[in-house]
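Comments concern the structure below.
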Amino acid sequence: MSNMISNVDLWELLRDTYPNFKNHTAKGTSDMFTARGFEQIAATDRTALNEFYQLTLQTILNQINISNAKDLFDTYDVGETYSTPFGGYLQRMAVNSIKPITPAYKNLTNGTSVDPYIVRKGEITDRFYRQNFDYQSLITIPDDALYKNIFASEYGMSEVMGGLMQGLENGWILQKYSNKLECINALINSTAHPLKETQIVEVPSVSVDMTESELKGLWLSFKNTIDTIVNAPQTGAYNALGFESTQDKSRLRLLIRQGYQSALDVNVLASAFNPEKIGVDINIMPVPNFGGLKAYQTYNAGTMQYETPLFPVYDALGTQIGYNTVADQTTVTVQNENVKWEDPNDDVIAILIDKGAIFTAIQNGYTVQPTPYNPRGMYTNLFANSPNNFVACDHLYNCVVFKQSLPTSNDILAV
């Protein structure tokens, strides 16, 4: 008879022998936990007294948690950044390849001449971009007379100041990230330079379960497209401007909707006999969406329709604070966390781009400068600025969109 037990049976046996809160904790300690709990208290609930002197217990600063942010486009090396300290417009030029002519040095005859001075100009095109990105933010720093009574340590405010400066910079970082997502949306949905048929790849439908066979079909679409672009001697099929050139594989980036990469790693690559043979060998960046989200008040699951469009509401400084069902209002009727977002690119699983397809050009970098001290209010304002910059998409660079067919409201109603 076998003496083996399952993992579940083993856990059941060990669980009874492990110490836990109820079989280990003394009564007094347990009663205190029961009365006071484990969670944070409101500042106004601080009524505890010293048991000996019956004086109010003092508060000591223990930790300052500082918010952080990162621009994932920089992390995954998607997009390019240039310094453009002068000028108000940006010019880019493209020099196309030149096709051969019929040789004139064959079958020459006496008394004739070939014209070596015939004019044949090369084909050069240019593209222009204008400044479209100004940034400003501010934070008010009080005089020490206004804050030293809230810290039991002289170093408390300096740590808070570090956090405030990081928070100020976080706004800049998140703005750059948001700008680039919107650039992606502009790149794939342009009406001035729409995607060509060769820039749209219909991929096998992937269900919610993301089965292994579905994911393998998706991965094969990625690999086939990359191989086709990289191994062409010259092609203009994969950029909206038809610029014919070769593609450096090291510049390609795959932006993939969040969730797919993990499923691919687990269900496809992890089970591969030679995973190095099926990898795409390029940077893969997970993204929550491809920009262009539209705000709505409600979503009707029955018709799969978003209802009642929303418009942003700004405070007196121009900071977005919420939404309203009417444009240009100052009152918030829908909080940011209650917005329903329509994704106009919900059929897009991934896009393959040359990293130069989106770019930023910085004329004036991010700086933080103080105002003169305000003696009446006893504070100093710190302003973060970065004016006259460029954020743009360049349709000259290769871009391929991988789309799948999604059910429409008509499909649902027909069922």
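A few notes on this one:
- Calculated translational diffusion coefficient of region 181-329 (37 °C, 0.692 mPa s; Stokes-Einstein with Kirkwood radius over alpha-carbon pairs) equals 175 µm²/s.
- Counting only aspartates and glutamates at least 8 places from residue 22 when in the same chain, those with an alpha carbon closer than 17 Å to its own are 31.
- Percent of Cα-Cα distances greater than 13 Å, calculated over region 123-177: 72 percent
- Taking the C-alpha atoms only, the angle from helix 27-36 to the longest principal axis of the chain is near 60 degrees.
- The 3J(HN,Hα) values that the Karplus relation (6.51, -1.76, 1.60; θ = phi - 60°) gives for region 92-105 are, in residue order, 10, 10, 10, 9, 7, 5, 10, 7, x, 10, 6, x, 9, 9 Hz. Gly and Pro appear as x.
- Peptides 102-109, 62-69 ordered by packing proxy, namely the average of other Cβ atoms within 10 Å per residue, highest first: 62-69, 102-109.
- Solvent-free Debye calculation, one equal scatterer per alpha-carbon of region 294-342: log10 I(q)/I(0) at 0.16, 0.18, 0.20, 0.26 Å⁻¹ equals -0.42, -0.51, -0.60, -0.89.
- Each label point was placed 7 Å from the Cα along the Cα-to-Cβ direction; for residue 383 and residue 149 their separation is 3.2 nm.
- Applying 1/(1 + (r/R0)^6) with r as the Cβ-Cβ distance of residue 182 and residue 338 and R0 = 22 angstrom yields a FRET efficiency of 0.45.
- Ranked by the mean number of other Cβ atoms within 10 Å of their residues, highest first, the peptides 252-261, 117-126 fall in the order 252-261, 117-126.
- Vicinal HN-Hα couplings computed from phi for region 194-206 (Karplus, 6.51 cos²θ - 1.76 cosθ + 1.60; Hz; Gly/Pro x): x, 5, 7, 4, 6, 9, 10, 10, 6, 9, x, 4, 10
- Label-to-label distance for residue 283 and residue 110 is 6.9 nm, based on points extended 7 Å past Cα in the beta-carbon direction.
- Sorted by Cβ neighbour density within 10 Å, fewest at the top, the residues 22, 196: 22, 196
- Using the Cβ-Cβ distance between residue 30 and residue 86 with R0 = 51 Å, the FRET efficiency computed as 1/(1 + (r/R0)^6) comes to roughly 0.10.
- Violating pairs (Cα-Cα greater than 25 angstrom) within the set 99/355; 180/340; 180/249; 249/294: 99/355; 249/294
- Sequence ranges 283-293, 391-401, ranked by mean other-Cβ count within 10 angstrom, highest first: 391-401, 283-293
Values in this text are rule-based calculations from the coordinates and carry no lab data. All values reported here derive from a predicted model rather than from experimental measurement. Cβ coordinates were reconstructed from backbone atoms using ideal geometry, including for glycine residues, and neighbour counts include every protein chain displayed.
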